[in-house]
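Here's the structure we're looking at; comments come further down.
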Amino acid sequence: MVESFSARRVAYAVAALVAVLTGGTVAFHESLDESWMQSVYRTVVTVSLAWLDTVPRNDFARGVSIVLVLAGLTIFAYIATILVEGIARGVFTGAIAERRRRRTIERVKDHYIICGYGRVGRRIAAEFREEGVEFVVLDFSAEALEHAREANVLFVDGSGTEDEDLREAGLGRATGLVASSDSDSDNLYITLSARAARPDLLIVARASDEDAAKKLRLAGADRVVQPYSTAGKEMAKLVLRPQVAAFLDIVSTSGGPELLFEEIEVKETCPEAGKTIRELRIRVETGAMIVALRKKDGTFDTTPTPDAKLEAGDVMIAAGTPEELGRLEELFAPSEALA
């Protein structure tokens, strides 16, 4: 609104300047019998207040010069006022910030896209920020965009249902996408568009009920979350199994840093690939615990024994303190010599 208002005022100033230059050129041409080029030159010099030309030969031309000088002063003062107001209102600084934000989004990679920055989307963004994960918000709501500006997060003003907006958010370079809109239909379109463009992308979608969840899975969502159903289950756990709920709260990231869960992939270039948990003495060497294994074929070993073999492509679900998990990641770091 502010930008369009200022642009309109600049257009008025330019139109007035053109009108003054045109009128002055015609007046000098007729009163002084000068060529059109000389008349244009005399008009520009007079309006710009350069005072480089000769004094007109007759009173009419001198009167025209006085009018042009006053008009030039008025136009320049008007333009100066627009510039001062524009800077004061942040029009120009806002445009600079907009270009900087777009350039940053163009450079970001291996990030996550949050489509929908409502209450759920803002909670997801807060979790990402705590984990140090890069993300880009995609939303068109004025309220959502204002929240994004206040939180100083990268955002794109648009809809996740539009392919162009998804590309602007860096879909081709992203690691994953979260469809967290309040609308099931929007989340369905977002999932379809993202899956069509990126078959390998991790997509997590929000659904209001089981019927919407089924459609989202068919559309290509890897995981579907039903906030209302999840909230009901959690409340039931708090009542029926309070000690279990208390333990899970402690080991979750929101409950404190004492015990965290992490997933670590066994890479092809990892020298420890092919060895068993017992051979690696993971508990002794790192302090972390392997609580589950996702095998390369997609199946889960929820109670891995010490003789379970850690093969390339497996994903370990580990529990431990940040220091213990850090040592475990170092143990399974890919070897540059094998890469």
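Taking Cα atoms, how many degrees apart are the long axis of helix 184-197 and the longest axis of the chain, rounded to 10 and kept between 0 and 90?
It works out to around 90 degrees.
Most mobile of H111, H29, H147 per a Gaussian network model of the chain (Cα springs, under 10 Å)?
For the chain, modelled as a Gaussian network with Cα springs under 10 Å, the answer is H29.
So what does D297 come to for accessible area, using a 1.4 Å probe and Å² rounded to 10?
Its accessible surface works out to 120 Å², give or take rounding.
Applying 1/(1 + (r/R0)^6) with R0 = 35 Å to the Cβ-Cβ distance of S48 and R8, what FRET efficiency is obtained, to the nearest 0.05?
After rounding, the FRET efficiency stands at 0.90.
Once the other residues with Cβ under 14 Å from the Cβ of D200 are scored (Lys, Arg +1; Asp, Glu -1), what is the net sum?
+1
To two decimal places, what compactness ratio does the range 112-163 give when its Cα radius of gyration is scaled by 2.2 N^0.38 Å?
Rounded to two decimals, the normalised Rg is 1.01.
In whole percent, what relative contact order does the chain give with Cα contacts below 8 Å and a gap of six or more residues?
9 percent
Nearest 10 degrees is fine. How inclined is helix 91-107 to the longest principal axis of the chain, computing both from alpha carbons?
So the inclination is approximately 40 degrees.
Which net charge results when you count Lys and Arg as +1 and Asp and Glu as -1 among the other residues whose beta-carbon is under 14 Å from that of E146?
Combined, the nearby Lys, Arg, Asp and Glu give -2.
May I ask you to compute the full-extension gain from R100 to D182, defined as 0.36 nm times their residue separation minus their alpha-carbon distance, rounded to one decimal in nm?
Working it through step by step, the gained length comes to 26.6 nm.
Just add up the charged neighbours of D297: K/R +1, D/E -1, any other residue whose Cβ is under 12 Å from the Cβ of D297.
Overall, the nearby charge balance is 0.
Let me check something: with ligands and nucleic acids excluded, how do Y41, Y228, Y117, Y78 order by accessible area (1.4 Å probe), largest to smallest?
Y228, Y41, Y78, Y117
Given all pairs of different Cα atoms, what value in angstroms does the Kirkwood hydrodynamic radius of the chain take?
When all Cα pairs of the chain are included, the Kirkwood radius is 25.9 Å.
How far is helix 227-240 tilted, in degrees, relative to the longest principal axis of the Cα atoms in the chain, given as a value from 0 to 90 rounded to the nearest 10?
It is inclined by approximately 40 degrees.
Quick one: pull the percent of accessible area on the chain belonging to carbon and sulfur, 1.4 Å probe, ligands and nucleic acids left out.
Summing carbon and sulfur atoms, their accessible area is 59 percent of the total for the chain.
Under a 1.4 Å probe, what is the accessible area of the chain per residue, stated in Å²?
I get 60 Å² per residue for this part.
The values are calculated or read from the model by the stated rules, or taken from the named source; none is laboratory data. In this text the structure is predicted, and so the values were computed from the model without any measurement. Please note: Cβ atoms are built from the backbone with ideal geometry, for glycine as well, and neighbour counts cover all protein chains shown. Only protein heavy atoms, including side chains, enter the accessible area calculation; ligands, DNA and RNA are left aside. Shrake-Rupley method; radii C 1.70, N 1.55, O 1.52, S 1.80 Å.
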